[in-house]
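Report on the structure given below.
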Amino acid sequence: MSQALDEIKIGGLGASRKRVEDNRFIRGKGNYTDDITLPGMLHMEILRSPLAHARIKSIDASKAWDIPGVHLVLTGEMMATRNLAWMPTLSYDTQAVLATDKVRFQGQEVACVIADDPYIAKDACEAIDVEYEPLPVIVNPEQAVAEGAPVIRDDKDSQRDNVIYDWEVGDAAGTDRAFAQADVISKLKLHYPRSHPSPIECCGSIADFNRATSKLTVYMTSQAPHIIRAAVAMVAELPEHMIRIISPDIGGGFGNKVPVYPGYVCSILASILLERPVKWIEDKSGNLISTGFARDVYLDGEMALRRDGKILGVRIHTDADHGAFFSDAQPSKFKIGLMHSAFAAYDVPAAHLTARGTYSNKAPGGVAYRCSFRVTEAMFFQERMIQAAADDLGMDQAQFRRMNFVRDEDFPHRTPFGFLLDSGQYAKCLDVGLKAIGYEDFRREQEEARKRGRLLGLGISTMTEPLGAGNSREYDILGIKMFDSADLKVHLTGKAILRTGAKSQGQGHETTWAQIVAHELGIPAEDITVEEGDTDTAPFGMGTYASRSTPVAGAAVAMVSRKIRAKARKLAAHLLEVSEEDVEWELGRFYIRSAPDRGVTIQECAMAAYSNMPDGMEPGLENTAYYDPPNLTWPFACYIVTVEVDKETGVWDVLKMVAVDDCGVRINPMIVEGQIMGGLTEAYAMANMQFITFDVDGNCVGSNYMDYLLPSAWETPGFELHSEVVTPCPHHPIGAKGIGECAAVGGPAAFVNAVMDALSGMGVRNIDMPLLPDRVWEAITYRRDVSGAPPVRSDD
Ligand code: MCN
Ligand code: CUM
């Protein structure tokens, strides 16, 4: 009779185990960067540029130096003497650490003051006199390429204009042929606005250089500590083994904490110069105005259609506004991230994408915010285009999707842009969603309501998303291949510590990684400590973004557990005095095949590894696994929203939202639901209320939480989640696919499609996000599209 453990009881795969990290978070016992105080620690504040584009004529810091309690004032000029005025970006560009020649966006770092406390430092920043000579300002790609536009990056010898790249992917000629055969060509043009992650905790660092040991320790808010260690080694020319990066608890990242920011670099240099710990904690407006923005992409596309609804081909052009420096954190091969994952869920025979990136006088960014490298823009545009195409054909929204989906029996499926999809049940997800929303009934209700002058709408968004870069053949950042790692040490009593190269910012890795070990080894999850974020103890890894932790580090956790199990099997054979071939495994226990009652637990094997190993066996029970995934994972999602739009005010309310997510095997169903709820909330915020843009002078409008609204439980509609569709990932050791970004990626189009559906027949093709009441009202009243592209209009 089997004596296997009950997997759910030990907190294994599929257990909705409570998040262990919450025990300290809800007690106020988290350990965030700002909670750390070191002996003799000083504080740094940053002086930011008030202008978007200006030549710096002079910087006079003498008054700041005179303020009691000030230890150091850093300027670009001083940074330059150490070759640190500029730093490399993750996209092979350069970025100013502190401005020397010009300021290139509002909020750019101009000087830093290090003082006894942050208040003195802030006052001293205000005592610095900077003389600026204003220059013409560029806030969009059209201005960037206009005749006579000022060259923003005149620091670069090779740069004669504001174009960063022209890039293309797909089959131009094949796509031309598809369009030649089309019965109908459907077109759409829109702007996906800048958006901003706005985690509760801003960015920050504490640099601590110890002259006696030559060791630099930096506590910081990084989603990818090992990448930061490599970057610091290169930028500051310090030996890598003398650098220790520690990311303690992180209060939300959402992509905001992937890039290298000037504040980190300045705090490090200040600590080296002063030989004291230097803390920098960014304030909210500093975070909103200067850190990694997302999106800001202009999308223009057309779709070739056969009369019966079959998609024949797609053409997309994107203009991406990258701000003053090209600092996207993305795989080096792809200039516009994974934008070419657009339409992956659909069987599109031919496709071609062209992309141009330009500089502007705006904070650098473009990629990071729950997006897996531009996938948010790709899926938003895809689903907006799908809706427009179905409307142009006069076809039902659900039927048009269903007939063009990649079918279950067609996997593996190669997309026209070259991605390989391995699994999915798209039509089934859609059917579950339609049933849950009550599709047919709603359509009838909508028609009835129309007759009485009420505007109801239904929006669908269906998509598959590439999560979990990479495989190392195709994915690297600055040449470093995108694999990941796990290190597992089983102590002699059978308890264990697991470390990975990922870094949780709220996703719950301390809970879920232990569940994978429990599944593989039968060690109860509560007996496993999970630790991440310290480069001196964690194995090398590429960090957490692109929802890559489960697909890559999570796979490494399974693989290292299997290595441990393989050794434990030898120990079991030794303890049971049989040969290894006669030993069988069930959860938590090895037993003799011919005598199942005779067995040893994994804990007994662990004890033997330290006390009773066979002759010649290396003692101990620990191992490390590096995992290079064969492919990305492709979760699928179907989001459906119904709304009512008020004609008089343009205000719209969500009536119901359903979400059907298939992310393969769920490690922790409760955490997965939390990820989806959070992502849908962000999607709703982007679609409805988050307004951040620029005026003609490059002033960042909306860099405060009066304009850039964070939804609370009060504004957020309820979401109905469905988990019945599970298509295991065929190449992942436990069949899991990523989930961390799906809802934020697929969600926005569902909301916008719903509002557009409510307005159908009014001659409105597009309203740019956020769908603020005045924009919706304008569309209804004047029967026209409403653009949200900067510069902001004077009536906004
Ligand atoms: N999970 C699971 N079963 C699956 C897939 C995932 O139980 N089949 C669990 C994982 O074990 C993990 C969580 O769900 O605990 C998210 O897993 P995964 O999809 O692998 O994503 P990552 O852990 O790599 O997280 C990154 C992703 C990104 S890129 C952004 S941006 C984002 C997001 O996660 N930022 C977040 N979700 C966030 N959630 C919080 N609370 N805070 C952030 O900053
Ligand atoms: Cu692009 S935001 Mo997440 O991948 O850290």
* Which FRET efficiency value, to the nearest 0.05, do you get for GLU126 and ASP308 by plugging their Cβ-Cβ distance into 1/(1 + (r/R0)^6) with R0 = 60 Å? -> 0.35
* Just how large is the dipole of region 37-127 about the Cα centre, in debye to the nearest 20, putting +1 at every Lys and Arg Cβ and -1 at every Asp and Glu Cβ? -> 340 debye
* **R0 of 41 Å, Cβ-Cβ distance ASP707-ARG784: FRET efficiency to nearest 0.05** => 0.95
* Asked: List the aspartates and glutamates whose alpha-carbon lies under 12 Å from that of LYS333, not counting same-chain residues fewer than 8 positions away?
  -> GLU168, GLU474, ASP476
* Structure fact -> The whole-number value in µm²/s of the Stokes-Einstein translational diffusion coefficient for the chain, with Rh from the Kirkwood sum over alpha carbon pairs at 4 °C and 1.567 mPa s, is 47 µm²/s
* Asked: Which of the peptides 323-335, 457-469, 54-66 is most tightly packed, and how do the rest follow, judged by the mean count of other Cβ atoms within 10 Å per residue?
  -> 457-469, 323-335, 54-66
* How about LYS335: which lysines have a C-alpha closer than 20 Å to its C-alpha, ignoring those fewer than 8 places off in the same chain? -> LYS156, LYS362, LYS481
* To do: Quickly rank 413-425, 505-517 as a protection proxy: mean count of other C-beta atoms within 10 Å, highest first.
  => 505-517, 413-425
* Enumerate the lysines that LYS9 could reach by cross-link, defined here as Cα to Cα under 18 Å, with residues fewer than 8 away along the same chain left out. => LYS18, LYS495
* Asked: Listed here are the pairs LYS122/LYS215; LYS189/LYS647; LYS57/LYS284; which of them are more than 27 Å apart at the Cα?
  -> LYS122/LYS215; LYS57/LYS284
* Measuring from label point to label point, each 7 Å out along Cα→Cβ, what is the ARG450 to SER332 span in nm? -> 5.4 nm
* Which whole-number value in Å³ per residue fits the convex hull of the alpha carbons of region 596-704? -> 302 Å³
* To do: Starting at the first residue of region 417-422, write each ³J(HN,Hα) from the Karplus equation 6.51 cos²θ - 1.76 cosθ + 1.60 with θ = phi - 60°, in whole Hz, x for Gly and Pro.
  => 8, x, 6, 10, 8, 10
* Asked: Hey, what number do you get for the chain at 222 nm if only DSSP H runs of n ≥ 4 count, each worth -39500 (n - 2.57), divided across all residues, to the nearest 500?
  -> -8000 deg cm²/dmol
* **GLY366 long-range amide H proximity, modeled H, under 5 Å** => PHE293, ALA294, ARG295
* For ASP183 and THR624 in one chain, what is 0.36 nm times their gap in residues minus the Cα-Cα distance, to one decimal in nm? -> 153.0 nm
* Structure fact -> Per the rule of 0.36 nm per residue minus the C-alpha distance, extending ASP347 to SER214 adds in nm 42.1 nm
* To do: Taking the Cα centre of region 374-467 as origin, sum charge times position over the Cβ atoms of Lys and Arg (+1) and Asp and Glu (-1), and report the length of that vector in debye to the nearest 20.
  => 300 debye
* Which whole-number percentage describes the relative contact order of the chain, with Cα contacts under 8 Å and a sequence gap of 6 or more? -> 16 percent
* Phi-based couplings in Hz for region 702-719 (Karplus 6.51, -1.76, 1.60; Gly and Pro marked x) -> x, 7, 7, 8, 7, 9, 9, 7, 9, x, 9, 4, 5, 7, 6, x, x, 10
* Please give the contour-minus-distance gain from ASP597 to ASP101: 0.36 nm per residue of separation, less the Cα-Cα distance, rounded to one decimal in nm. => 170.8 nm
* Using only Cα atoms, locate the centre of region 10-50 and the centre of region 211-227, then give the distance between them in Å, rounded to an integer. => 17 Å
* **Cα radius of gyration and Dmax for region 465-597 (Å)** => 16.8, 55
* Asked: By per-residue mean of other Cβ atoms within 10 Å, what is the highest-first order of 381-391, 258-268?
  -> 258-268, 381-391
* Taking amide H positions as placed in the peptide plane 1.01 Å from N, state which residues far from ALA111 in sequence (5 or more) or on other chains have amide H under 5 Å from it. => LEU47
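Over region 144-289, what relative contact order in percent results from Cα pairs under 8 Å that are six or more residues apart?
Values: 176 pairs, mean separation 38.1, N = 146.
Dividing the mean separation by the residue count of region 144-289 yields 26 percent.
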* To do: Using a cut-off of under 13 Å, list every residue of region 312-354 whose amide N is near the label point 7 Å from the Cα of ASP166 along the Cα-to-beta-carbon line.
  => 354
* Which part of region 25-67 falls in the paramagnetic zone of THR529, meaning amide N under 16 Å from the point 7 Å along Cα-to-beta-carbon? -> 31
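Coordinate-derived values only; no laboratory data. These numbers were taken from a predicted model, which means no experiment stands behind them. As a convention, Cβ positions derive from the backbone with ideal geometry for all residues, glycine included, and neighbour counts pool all protein chains shown.
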